[in-house]
Amino acid sequence: MIKFPAAMIACIAIPLICVNAHAEVKTIEADSTYIMGDNDSKVDARRVAIQEAKRKALEFAGTYVESLTQVKDYQLSKDEVKSYTAGVMETEVVSEQMRGTTEHPEIYVKTRCKIDTDVLLKQIERYRENEDLKEQVQATAKENEDLRKEREALVKQLAAEKDKSKADATRQKLDTVLSQEEANDDTNKVWNNYALQLAFGDGKEHDREIKPAELDRSFAVLQRAVKMNPQNLRARMMLASIYERRGNTSAAESEFRSAVQRDPSNPLAHLRLGNLLKERGRYEEALNEFRVVERVRPHDPWMLFSTGMTYKATGRCGIAVSYLKRFLGDDRANQHPQMRERAAETIRECGGERQGRPLRPRYR
């Protein structure tokens, strides 16, 4: 229970398990009650209650996931389990009510998340094996935690404020923080559903193709998220991927460059921009982006494959073979059979020999 001078959020998590003892789906519910103070608006009070109920549901989901034998075998830290669980779970509002008295109205919200252990463990395994997915989900978890702390501080401040003009200013700050939290929630749903197809593959090596109507809905969600929080890199990169899927490569490049500008050290942004430039025939520019990734991750399989294929496109077969052999030598390459096949075919086309420039890896 979290208490404030003139407002309170109370949360109760209710773990529910399916009747079938062998079922692999677990349902977790959490409810939150926000007692409104004199400075609270009903709209923002509801939004705070929803965010708090979602947070509690994910917290209890993380505790459950941490208890799973396979997750224990992964030897993940508590923070890693929490980040991965939040990164793959979606929480929905199942009910809300107005309670309390006229003098002290309360807003009650119940949320629910369902855990299919088979699906969840597969997604966690993908995060563990993919550095880009891992970094993105961990960065998002940190951002969400920072926003939560800022929200709680503003709620306290608003409850204690006696000056009306200062209370109005605090409410505006609270509205901004809540909007960023909500935008992150929306982005997370799109990321969970489509990141592998859009940002990490061609949509054919994974579960299914993405229908145009699904892309349209996701596009609208991501546009709102970027407008609300221009620093939301996951939303920008997913938005760029949709532009790319639609054939609007100029818009895609603009979004990828915005992502790089806002976080120059983000390897995924450079990798995605490099691949787009490669597809547009701007090979030297693409190689410059891949070199940024190579400085940070000299053994990244995506970087090795993309660099090798780009060198092949420029006619430098020798160095292309060097990168592609390093790609094939990485166990993670087995996750991408189509890429393995293309790499092997390219090596055969090049004669499998080291030709041209000396083959010394740029970074180790």
* Asked: Would you list Thr346, Thr27 from fewest to most Cβ contacts within 10 Å?
  -> Thr27, Thr346
* Structure fact -> Listing Leu239, Leu328, Leu277 by rising number of other beta-carbon atoms within 10 angstrom, fewest first, gives Leu328, Leu277, Leu239
* Asked: For labels at Glu341 and Met98 in the simple 7 Å Cα→Cβ model, what's the distance in nm?
  -> 6.1
* Asked: Which part of segment 317-332 falls in the paramagnetic zone of Glu349, meaning amide N under 16 Å from the point 7 Å along Cα-to-beta-carbon?
  -> 317-325
* Which cross-chain or sequence-distant (5 or more) residues have an amide H under 5 Å from the amide H of Gly100, H modelled 1.01 Å from N in plane? -> Glu106
* Using alpha carbons only, what's the Rg to Rh ratio of the chain with Rh from Kirkwood? -> 1.05
* **Whole-number Å³ per residue for the convex hull built on Cα positions in segment 2-160** => 108
* Asked: What pairs from Lys82/Lys156; Lys162/Lys227; Lys42/Lys162; Lys110/Lys164 go past 22 Å between their alpha carbons?
  -> Lys82/Lys156; Lys162/Lys227; Lys110/Lys164
* Where only alpha carbons of segment 96-199 are counted, the Rg and the Dmax (Å) -> 18.5, 54
* Structure fact -> With a 19 Å threshold on alpha-carbon distance, the violating pairs from Lys134/Lys173; Lys56/Lys173; Lys54/Lys142 are Lys134/Lys173; Lys56/Lys173
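Read the figures in this text as sums done on the coordinates, not as results from a lab. If you're wondering where the values come from, they're calculated on a predicted model, not measured in any experiment. As a convention, Cβ positions derive from the backbone with ideal geometry for all residues, glycine included, and neighbour counts pool all protein chains shown.
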